[in-house]
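Here is the structure we will look at.
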Amino acid sequence: MEEIIVTGGVRLKGSVKISGAKNAALPILAATILTSEKSRIKNVPKLEDIRTIYKLFKRLGIMVEEDGDRDREVVIDPSTLNSSEAPYDLVKTMRASCLVLGPLIARLGRARVSFPGGCAIGARPIDLHLKGLKSLGAEIGLESGYINASAQRLKGTNICLDIPTVTGTENIMMAAVLAEGETIIENPACEPEVVSLSEALNSMGASISGAGTRIIKIKGVTELKGMDYSIIPDRVEAGTFMVAAAITQGDIKIEDCIPEHVDHIIARLRDAGMFIEEGEDWVRVKGGHKIRAVDIRTSPYPGFPTDMQAQMMALMSLSDGLSVITETIFENRFMHALELKRMGADITIDGHSAVIRGVPSLSGAQVMATDLRASASLILAGLSAKGDTIISRIYHIDRGYECIEKKLEGLGAKIKRVRG
Ligand code: UD1
């Protein structure tokens, strides 16, 4: 198993280019199933989760042609789709595999998708996905760990989501685009990735309005064509590099990003005393001498993203006071706190909140990544710590960060990947 070793103490400086967003690429790739025509998707990040969806596509009989490194371009040919099953071994590796549920029902009238279990950050049910699909007329049963769904043609309807679930909104949108009549989704997720999916679907000939607002309207169409679409930049990767500048008192220009998508992160980092400039597609973060303690509460977009909570906890571990981080999205997303404590952080967990008393410095230690964003927080902590931090189980990081050690190395970090 590979490990990452970070030798802390270097102020990171320079510029870094942000890759395409994993959470936008996954639903958009799933959406290519909605037609039998080829789609060309650009700026697709090279990540483990993306490889997992390609593996799933191959099992479904869909052709995937990766087109060189330059534009991160991939051509998907779903004309050979010959299966409707997303098997256990792939869904268990990546929950987002269940994003094929909506498209498969819409295109084939049936889907058999392994029921995702719990995960490292909580129970994460998909009851709202299923409720939405049932409202659209799908028959849904659970048998031997699999969701069996079938429908003739789905019928548009009104769906009010109890919680603005991101992949739930996306699954329902993808099912509704080929339904008969109009579907209205109330209380949908407003994340940029949902807006991006709606743009991609509209470019295929769908008729969706209101994505990014509190009501999404979808007028069903009878068929869709292939798309030619470029994936938006990854706002969590951008936010992670912003924290890297802050935690190392560095100076990093984060290029090829959408500053509006990281508004909330910019605001909290300014509160923490960082100097931040913004351009059309870049953000420059300069770390100050002091990190001010700030409280953070995660919430659905446009609130502070749960996917940046662990990274901010690493930063707050070094603040000049006491900060409270409250996690409102997932029930068990503080596993990184225990590992940060191994590095000398002073963190007390109290239910959904973490109380962090800033310490003057962290010290390198052997730590274990427990999930994707937790691994990022440990790398960040390691960049500022005294001595070496050895992070195991780094396969988590490869699920969602493209070449993270190369990008950090380019900014001056002392970081290497070794066989453990
Ligand atoms: C997506 C993101 C993930 C991010 C999360 C929240 C992808 C591939 N993943 O995950 O990186 O951390 O949004 O921003 O885009 N819930 C239910 N029933 C459901 C669905 C969700 O109760 O049917 C609950 C979840 O347990 C959680 C909350 O709703 O407490 C939000 O989860 P959701 O938005 O669905 O997260 P994902 O779409 O899985």
_Label-point gap, in nm, between ARG95 and GLU180 - each point 7 angstrom along Cα→Cβ_ = 3.5
_With the cut-off at 1.5 for a/c, could you classify the stretch 1-113 from its C-alpha gyration tensor as rounded, prolate or oblate?_
prolate
*asked:* For the stretch 102-258, I need the span (max minus min coordinate) of the C-alpha atoms along each principal axis, in Å, sorted largest to smallest.
replied: 58, 36, 27
*Select from ILE159, LEU136, LEU26 the residue farthest towards the positive end of the dipole of the chain; place +1 on Cβ of Lys and Arg, -1 on Cβ of Asp and Glu, and compute about the Cα centre.*
LEU26
*Per-residue [θ]222 nm for the chain (sum of -39500 (n - 2.57) over DSSP H runs n ≥ 4, rounded to 500)*: -9000 deg cm²/dmol
*Within-9-Å neighbourhood charge of GLN309 [Cβ basis; K, R +1; D, E -1]*: 0
*Between the helical axis of 192-203 and the dominant principal axis of the chain, each derived from Cα atoms, what acute angle in degrees is found, rounded to the nearest 10?*
30
*If contacts are Cα pairs under 8 angstrom and at least 6 residues apart, what is the relative contact order of the chain in percent?*
21
_Sorted from largest to smallest, which semi-axis lengths in Å does the alpha carbon gyration tensor of the stretch 143-197 give for its equivalent ellipsoid, taking the root of 5 times each eigenvalue?_
20, 16, 11
*List every residue whose amide H lies under 5 Å from the amide H of LEU362, counting only residues 5 or more places away in sequence or on a different chain, with H placed 1.01 Å from N in the peptide plane.*
LYS386
*Cα-based radius of gyration of the chain once divided by 2.2 N^0.38 Å, which approximates compact folds*: 0.98
*In nm, to one decimal, how far is the modelled label at CYS160 from the one at CYS403, with both set 7 Å along Cα→Cβ?*
4.9
_DSSP beta bridge pairing in the chain, given as percent antiparallel to the nearest 5_ = 75
_In Hz, Karplus ³J(HN,Hα) per residue of the stretch 169-177 (6.51, -1.76, 1.60; θ = phi - 60°; x = Gly, Pro)_ = 4, 5, 4, 5, 4, 5, 6, 6, 4
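Any idea what the relative contact order of the stretch 291-420 is, in percent, if you count C-alpha pairs under 8 Å spaced at least 6 apart?
Computed value for the stretch 291-420: 22 percent relative contact order.
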*Using a Förster distance of 22 Å, how high is the FRET efficiency between LYS46 and ASP263, based on the Cβ-Cβ distance and rounded to 0.05?*
0.20
_Can you tell me which of LEU108, LEU60, LEU142 moves the most in a GNM of the chain? Springs connect C-alpha atoms under 10 Å apart._
LEU142
_Residue-by-residue Karplus 3J(HN,Hα) for the stretch 139-154, coefficients 6.51, -1.76, 1.60, Hz, glycine and proline x_ = 8, 10, x, 10, 8, 6, x, 10, 8, 9, 10, 8, 6, 6, 9, 5
*May I ask you to derive the FRET efficiency for ARG11 and ASP271 from their Cβ-Cβ distance with R0 = 22 Å, giving the value to the nearest 0.05?*
0.55
_Estimated D of the stretch 372-414 in µm² per second, where Rh is the Kirkwood radius over Cα pairs and Stokes-Einstein applies at 37 °C, 0.692 mPa s_ = 305
*If you stretched the chain out fully between VAL359 and LYS131, how much longer would it get, using 0.36 nm times the residue separation minus the C-alpha to C-alpha distance?*
77.4 nm
_Heavy-atom accessible area order for HIS264, HIS336, HIS396, HIS352, largest first, 1.4 Å probe_ = HIS352, HIS264, HIS396, HIS336
*At 1.4 Å probe size, with every protein chain present, just tell me what the per residue accessible area of the stretch 22-230 comes to in Å².*
40
_On Cα atoms only, tilt of 372-384 relative to the major axis of the chain in degrees_ = 20
*In whole angstrom, and with the biggest value first, how far do the Cα coordinates of the stretch 38-190 range along each principal axis?*
43, 36, 32
*With all protein chains present, how much of the accessible area of the chain (probe radius 1.4 Å) comes from carbon and sulfur, to the nearest whole percent?*
48
*Once fully extended, how much extra length lies between ALA120 and LEU322, figured as 0.36 nm per residue of separation less the alpha-carbon to alpha-carbon distance?*
70.0 nm
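So if we plug the beta-carbon distance of SER207 and SER144 into 1/(1 + (r/R0)^6) with R0 = 30 Å, what FRET efficiency do we get, rounded to 0.05?
Efficiency, rounded to the nearest 0.05: 0.20.
The values are calculated or read from the model by the stated rules, or taken from the named source; none is laboratory data. Predicted, not measured: the structure shown is a model, and the values here were computed from it. Ideal geometry is used to build each Cβ from the backbone, glycine not excepted, and the neighbour counts take in all protein chains shown. Side chains are part of the model used for accessible areas, which takes the heavy atoms of the whole protein and leaves out ligands, DNA and RNA. Shrake-Rupley method; radii C 1.70, N 1.55, O 1.52, S 1.80 Å.
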